[in-house]
Structure formats: C-alpha cells, structure tokens
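Down below is the structure, laid out as structure tokens.
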Ligand code: NAP
C-alpha cells in the first residue's frame, strides 16, 4: 500500500510500522511528537479522548502536515475516555482528520460516521478511516465474522483489539491478522500479558502497525510494550515474514527473564528468530489446546519452546499422548522443559538436570573427583528436584530426597533408586552436596532459607536452584559458614544454553546469555 491508494499514509508499504500513542499533556504535544519520532515511531496516535484538549491536538496536526497520525476519540464503552455526545464526537473527528494517516472510527459508529459525512464522496471518508472494534472481555469464537464486518465498511484500514485469555487466543488473533492483512491494511492485537505475541509478531504477519509506548506510564492499553522493549528486547526491526518463533510457556510468565536471555543469544548468533513469553492457562487441557494449535498451524513458524511451571509434566503427557519423541533424560525426570519441532514432529527434552550437574562441576574439587559415589541431599520433590535427582543419579551420585510432603519424596526416591527422609531430618544429613529445589529464598520468601546450616559439617558444596535473587539467604549462610556455593544462575544459563543448542544445533556463547540475564535484573 502507499499514499496513492488514498489513505495518505505510506507506513506498511515495506514493513509494519510502530505507532506511539500520545495520551496526556505531561509535556507539550510537539515535544512528545519529537521524542516519539526520535525513538523510532513512524506513526503517532493522538488519543484525543485521553489528552482531553482537542484544540492542542488540532494545533499539532496543523503544524505537522507531513507526519502520519492516527486521531482517536475513543468512547468509554470501547475502552476510551470520551463521555460526550456521539454527534459531537463524530463532528470533532471529521474536523481533525490528518492530512496523512487516519481517523479511528468504531464499527458500532460506522453508519453514523457515514451519515455525518454524507456531503463528501464516500471514498474520501472511508479511505482515511480505520474501522475498529475493541472487545474488552475476550476473544470471540467467530473472528472471521468480525473481520468480514470490518472489511464490509470499505474502510482504508481495519483494526480489531481483543482481550485474549492466554496465548492460544493470541495465536488465533494472529491467524485472523494474517488472513485480513492479505486483503486490506490490518491491525489485530490482544491486550494484556497474553497479547504480547500479537504485538511483537504483528510485523511477521503483515500488520499495518503495532502500538508501543514511550514509557510504561504512557501506554494506551494494558500489555502495550514500550518502544525500547519492542526494538531492543524483541528486535522488532529485524522481524520478517521468515522469522522463526520461540518462547516460554508457563503461567504466570510475564516476569520470566528467559526472553532477555534467549533473544540476546539469537542476536549474538545472528539468528532470524524471536523469543516470547507465552502465558498458557494452568490446566493440562489448556496446554494441550495450545500445543495442538501450534502443531496444526505450521505457518506460525514456532520451532521451539521452553516449558516451565506448571506445564513440565503436561508437556510430557502431551508428547506421549500424540506419540512424539521424548528424550531419555525427560522420561527419567518425568518432566519436559524443552520442546523442539523436528521434521518428524516434536521432541521433548529436559535440560534442567544436565544444567544443574554442569553447574556443580564448576566446583574444582567436584570436577576433579567426579560425581560418582558423591552423596547429594535434595530439598524438594517437584519438577526441579526430579530433574536434578535424575541427572545426579545418572552421573553416579547417591541421592537422598527431603520434602515437606514425605510421600512425594518417597515416590521420587523409589523411582530413581535413591533414599528419602522426612523434611525435619534434613539438617542432620551428612551429604557432600546440598541442592535446594524448593522455591524458598525466591520472592516472596527472600528472607527465608530452606535449612538451618549453622549446625554440622556436611554439605561442602551448596547449589541453590533459585536464581532470582542471585545470592539467596541459603547461599549467604553457606558462604559465611565456609562452604562452597553455586548459584542457580549457573544452572539457569546452562539449561538455557542447552535449549538453544537443541533448537539451533550450533555452539552457544554462555557469556552472552549470562550478561543478558545480569542486565535484565
Ligand atoms: P514445583 O514443581 O512446584 O516443586 C516445588 C517443591 O518445593 C515441592 O517439592 C514443594 O514441596 C517444595 N516447597 C514449596 N514451598 C515450600 C516451602 N515453603 N517449604 C518447603 N518446601 C517447599 O517447583 P519446581 O519447578 O520444582 O521449582 C522449584 C524451584 O526450582 C523454583 O524456585 C525454581 O525457580 C527453581 N528452578 C530453577 C531452575 C534454574 O535453571 N536455575 C530451573 C528450574 C527450576 P511439597 O511437595 O511438599 O509441596
């Protein structure tokens, strides 16, 4: 599309643009415009309903006739702040049409908009208008029907914004975007954390634009990334239709640092790939629905996934139920933290256990002695404990599992041929190595340690799998009492590097991943 097509805005001719919303008068509007353009905005959306000063907005439009704008006066029932009359709103929108760009008119107001401008040729009204729809409650089953109604307006561009429940809805929105964008400039986005994939992958699937805020306070919708996040963390400028998609599946997942680490790895390796947080609701059925959708839509180009709480066991069950490949390590630990798309289907691996063993072997004494015959005490019997215990057993170590729920500890020990003991017995254990596989020490329990290390001379080496904070209370106390400590950061970097090796089949620079994790703190 280009200006000759009538809407007067060339953004989207070569690639999708970034539209930065201006939502208030924190700084004079010309100053905000200047900052937005300097940050990389190709369009600026003037949210006149939020700015609350139509005269100032009109002044900005008049002073910058060559700048593409979107002028929006959103009604409260569509998520905006306009509470005045509809006639007044449409008249104001008509007056404020930018020379380049669009006004945004909701589908529900479309007929009134056409009537309000009945004295003008139909195309001059429709071509510079975005027909929009905002669903503040969910993502309807019939997206095709909604897009058909938007297209039927004849608008120069169409926009639909939804409230996805989780990443499966986000992928459905991307499917609708892909189909619509072939016919007409299209914006299709999901709000909230679950919508992030629609915002970042807008460019891959040919959207007219995506929205990004100058800073978190200036976001015009929940879940809108900042322009800095979009361009530096998700490498927006490098995304093409061929870009491979990776991500981390969990619930909740917004605070995961895996996107920082993996995207930095892709950047260093010059991979045409992007890595996203993909929140998938917590039940097995939710995970199955997500994976079945991903598997059934190869054009999404999802090539690999990290899997975290609560889906590591769900991933194993999904792979087994659909007869996909499962590595020995994953089968033994009973959990899958890595999914890789292969020509034959999917393969599940576990890189947590090997990541922990590699971290332990950074200790010079353990590296020299090896792990064979070493006695390791493991606190916890969840996913991390299963992976670490299986890998240590495979390396020849003798493991004892301590867990609050003693039956879980006993079941894990029985599976691996190790021992278990009550949670209360942990402090009296005389193992060489202690591995904390509980979340104690992590937010919100950062002031707690899972064991009192003051007594006894056991546990010469302590590994805490908690990696945020980097130095937990357990590690501080272990160091203070003369023990050698290994941070969960080492395990995290090892497992992330192993995931990238599985996906990309090349050497990974762990230093790059580590620096990215440090910088994201
Ligand atoms: P999980 O499957 O939910 O298991 C949690 C385990 O911790 C359970 O055995 C649970 O005992 C125990 N637990 C929870 N709260 C406790 C408390 N207040 N006191 C004592 N025990 C408690 O979780 P997970 O996936 O194994 O994750 C555990 C930790 O490992 C997390 O902190 C995670 O960040 C870390 N991790 C780190 C990496 C890395 O790369 N560094 C990788 C994976 C996991 P019950 O069975 O009695 O409930």
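Data table
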| item | result |
| --- | --- |
| Relative contact order [Cα under 8 Å, 6+ residues apart], the chain, whole percent | 9 |
| From the C-alpha gyration tensor of the chain, square roots of 5λ in Å | 52, 23, 19 |
| Orientation-averaged projected area, Cα convex hull of the range 370-486 (nm²) | 6.5 |
| Pair residue 268, residue 368: separation of 7 Å Cα→Cβ label points (nm) | 3.0 |
| Ranked packing of 153-164, 262-273, most packed first, by mean Cβ within 10 Å | 153-164, 262-273 |
| Share antiparallel - DSSP beta bridges, the chain, percent rounded to 5 | 10 |
| Computed lengthening from residue 425 to residue 342, 0.36 nm per intervening residue step minus Cα-Cα distance | 25.4 nm |
| Scattering profile of the range 5-240 at q = 0.16, 0.17 Å⁻¹ [log10 I(q)/I(0), Debye over alpha-carbon scatterers] | -1.14, -1.32 |
| Length released on extending from residue 141 to residue 509, taking residue separation times 0.36 nm less the Cα-Cα span | 128.1 nm |
| Distance in nm between pseudo-label sites at residue 501 and residue 56 (7 Å out along the Cβ direction from Cα) | 5.6 |
| Per-selection Kirkwood Rh - the range 18-67 (Cα, Å, 1 d.p.) | 10.8 |
| Whole-Å semi-axes of the ellipsoid equivalent to the range 265-411 (Cα gyration tensor, √5λ, descending) | 30, 20, 13 |
| Rounded D (µm²/s) - the range 41-105, Kirkwood Rh over Cα pairs, Stokes-Einstein at 4 °C, 1.567 mPa s | 110 |
| Scaled radius of gyration (Cα, divided by 2.2 N^0.38 Å) that the range 154-258 gives | 1.02 |
| Calculated FRET value between residue 325 and residue 217, using beta carbons and R₀ = 56 Å, to 0.05 | 0.75 |
| Residue-averaged [θ]222 nm for the chain, counting only DSSP H segments that reach four residues, each worth -39500 (n - 2.57) | -10500 deg cm²/dmol |
| Net lengthening on full extension, residue 452/residue 66 (0.36 nm per residue, minus Cα-Cα) | 132.2 nm |
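Read-outs throughout are calculated quantities, based only on the coordinates presented, and are distinct from any laboratory measurement. None of these values were measured; they are calculated from a predicted model. Please note: Cβ atoms are built from the backbone with ideal geometry, for glycine as well, and neighbour counts cover all protein chains shown.
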